[in-house]
Amino acid sequence: MIEYSIPNELKITLAAARVNVGLTQDAVANEMHVSKSTIVSWEKGRTSPTVTQADRLYELYKRPKDSIIFRIEVN
């Protein structure tokens, strides 16, 4: 398996990834077996999904690993 790194400028936010595949927050919450408020919290960067949840989001959003920004760091 070839490992590669995706440059930050090519990464998209969690909300953008969801919108790109035409899913609502409610639909993702149902797929992920979490509440809609959990999805909102992830998208706003207040909390982050677990590694297992992130892997499922990559599948659900049809994105390569490491192509989604889960949390924006603010200095």
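Read-outs throughout are calculated quantities, based only on the coordinates presented, and are distinct from any laboratory measurement. In this text the structure is predicted, and so the values were computed from the model without any measurement. We place every Cβ from the backbone using ideal geometry, glycine too, and count neighbours over all the protein chains shown.
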Distant-in-sequence amide H partners of residue 69 (H built 1.01 Å from N, under 5 Å): 12, 13, 14
For the range 42-49, Karplus couplings with θ = phi - 60° (6.51, -1.76, 1.60), whole Hz, Gly/Pro x: 5, 5, 8, x, 6, 9, 10, x
Charge-dipole axis of the range 10-64 as Lys and Arg at +1 and Asp and Glu at -1 on Cβ define it, positive-most pick from 12, 57, 22: 12
